[in-house]
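One structure is given below, encoded as structure tokens.
The values are calculated or read from the model by the stated rules, or taken from the named source; none is laboratory data. Because the structure is predicted, anything quoted here is derived from the model rather than measured. With ideal geometry, Cβ positions are generated from the backbone for all residues, glycine too; neighbour counts draw on all protein chains shown. Ligands, DNA and RNA are excluded from the accessible area calculation, which covers all protein heavy atoms including side chains. Shrake-Rupley method; radii C 1.70, N 1.55, O 1.52, S 1.80 Å.
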Amino acid sequence: MMISITPALLIAAITFGYLAVEASPAPLLSLNIGGSLSAEINTKSLGKACKAPPSFTSAYFVRATPDTIVANDGSKPPGQTGAIGRYNLYLNSHEEKICWDIELEGVTGEYSSPAKTATHVHQANAGSAGPPRIAFPNPQTVGSRGGKEIRKSEGCMEGPFTTGVLSPPVTGTDTGSASGFKLRDIEANPSGFFGDTHTSAFTAGAVRGQLIPSELEVRKPKRFTSHLRTKATADQVVTATGPVAGEAGATGKYELSINSDENILCYKITLEGVTGDYLSPAKTATHIHQAPKGSAGPARFAFKNPEKVNRWWSWWSKKEVRVSESCVKGPFTTGLVGTDGKDTGSQSGFNLKSLEDNPSQFFADTHTAQFSAGAIRGQLERVY
């Protein structure tokens with residue numbers, strides 16, 4: 001698309017610090033599997049490999065940790081110290097399709113399980129053991145972060161699902177779809193299911209966590225109840241002990257459009273001069289936190305991390321440009337937990353109405369490996 005930059009538009013861009021260009025709605029989630037992953041699903045008959053459906057009926061997040069393991073005999077052995085799993089699950093219960101994006105951090109050693117794979121969704125409440133209902137292709141090593149091995153698995157498949165575990169053993173029925181399990185069972189009671197991964201050193205589970213409802217990508221709504229923005233800079237970064245330096249020369253433009261009636265947040269984030277790998281204990285490294293200017297506070301919303309793009313002005317500024325945009329419907333999850341053990345997003349009581357009513361009590365930021373406290377930060381303000 002060609003954009004004609006008139007003198008008036010250029011003056012407006014300089015005055016407000018950016019050029020506002022109407023953009024088409026971001027595409028909905030697109031997870032495609034193929035190659036070795038597709039072969040693994042088909043060979044092991046976990047389900048039928050497929051493309052992501054046009055829409056999903058629900059989404060869930062799992063923060064899997066080593067301190068929640070429960071063995072089949074009811075005992076509670078420790079998992080792998082320092083390991084964590086982040087499971088993003090997207091369901092279309094009408095078509096019996098599930099897509100996933102699973103990341104394991106610090107899980108090491110060989111996988112081990114009597115099931116077809118060692119990465120599952122089980123049916124059981126917190127503190128209890130239960131049968132696997134879905135088996136996923138095991139995450140494979142893709143690199144390291146902060147000295148810890150990172151493994152990932154992502155894709156989509158369609159039921160019927162099989163796990164390779166029989167109930168009762170030997171002569172029984174597979175605990176997947178043949179048992180009567182349907183994806184709508186998860187939607188009816190997500191807290192009654194958990195995600196986990198098993199290894200030879202931690203056969204009961206290296207990490208485990210219960211499912212919680214999470215944000216779902218949706219199309220842009222017809223109207224918004226408010227619009228917020230901030231220009232984040234390196235000199236606004238603050239920790240609990242005081243100000244710290246962010247990445248010199250880096251800036252970020254965070255534009256938020258809210259429909260609090262429908263619990264939808266649309267955003268476009270443009271970073272300039274932010275470099276290096278993202279790093280955060282949350283499920284992404286780009287957030288809305290709750291705290292006034294000059295203070296630190298908990299993350300309430302996690303954005304998709306901006307990705308590098310080519311922009312016409314980057315040749316002039318000599319700065320790397322990264323962009324992220326989408327529309328999502330709550331409830332929202334961050335992958336972090338508060339002192340009450342709940343996710344610091346919607347489970348904490350956060351809602352979009354509180355954000356649009358008092359935006360100055362919230363800030364946006366982005367974290368990187370070199371600037372873990374924040375490469376940039378900016379307090380939010382209401383535009384209209």
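In summary, the lysines within cross-link reach of Lys148, defined as a Cα separation below 27 angstrom excluding same-chain residues under 8 places away, comprise Lys76, Lys116, Lys283, Lys304, Lys308, Lys342.
Each of Leu265, Leu279 has its accessible area taken with a 1.4 Å probe; listed largest first, they run Leu279, Leu265.
If a/c stays under 1.5 just call it rounded; otherwise compare a/b with b/c (prolate if a/b is bigger, oblate if not). Do that for region 223-353, with a ≥ b ≥ c from the square roots of the Cα gyration tensor eigenvalues. Taking the square roots of the gyration eigenvalues as a ≥ b ≥ c, region 223-353 is oblate. On full extension, the segment bounded by Arg223 and Glu381 gains 54.9 nm, given 0.36 nm per residue less the C-alpha separation.
Summing Cβ point charges (Lys, Arg +1; Asp, Glu -1) relative to the Cα centre of the chain gives a dipole of roughly 520 debye. Positive-end ranking of His289, Gln140, Ala206 along the dipole of the chain, with charges on Cβ about the Cα centre, is headed by His289. Excluding same-chain neighbours fewer than eight residues apart, the aspartates and glutamates reachable from Lys329 by a Cα-Cα span under 13 Å are Glu215, Glu217, Asp261, Glu262. The Cys residues in the chain with no partner Cys Cβ within less than 4.7 Å of their Cβ are Cys50.
Once the Cβ-Cβ distance of Asn358 and Leu166 is raised to the sixth power relative to R0 = 45 Å, the FRET efficiency obtained is 0.25.
Based on C-alpha pairs under 8 angstrom that are at least 6 apart in sequence, the chain has a relative contact order of 16 percent.
Which value at 222 nm does the chain reach when only helices count, each DSSP H run of 4 or more adding -39,500 (n - 2.57), with the total divided by all residues and rounded to the nearest 500 deg cm²/dmol? One gets -2500 deg cm²/dmol as the mean residue ellipticity at 222 nm.
For the listed peptides 329-336, 94-101, a ranking on the average number of other beta carbons within 10 Å per residue, highest first, reads 329-336, 94-101. Overall shape: oblate for region 168-269, with the ratio a/c of the largest to smallest alpha carbon gyration tensor axis at 1.5 or above and b/c at least equal to a/b.
In this simple spin-label model, placing a label point 7 Å from the Cα along the Cα-to-Cβ direction at both Ala245 and Lys318 gives a separation of 1.9 nm.
Here Lys253 is the anchor, and the aspartates and glutamates within straight C-alpha reach of less than 16 Å, apart from those fewer than 8 places off in the same chain, are Glu22, Asp235, Glu272, Glu307, Glu320, Glu325, Asp365, Glu381. The simple Förster model, with R0 at 41 Å and r as the Cβ-Cβ distance, assigns Glu187 and Thr339 a FRET efficiency of 0.90. Residues of region 213-233 falling in the label zone of Asp261, defined by backbone nitrogen less than 13 Å from a point 7 Å along Cα to beta-carbon, are 221-226. Each Lys and Arg Cβ is given +1 and each Asp and Glu Cβ -1; about its Cα centre, region 70-188 then shows a dipole of about 200 debye. Peptide packing for 235-243, 132-140, 302-310 was compared via the average number of neighbouring C-beta atoms within 10 Å per residue; ordered from the highest value, the list is 132-140, 302-310, 235-243.
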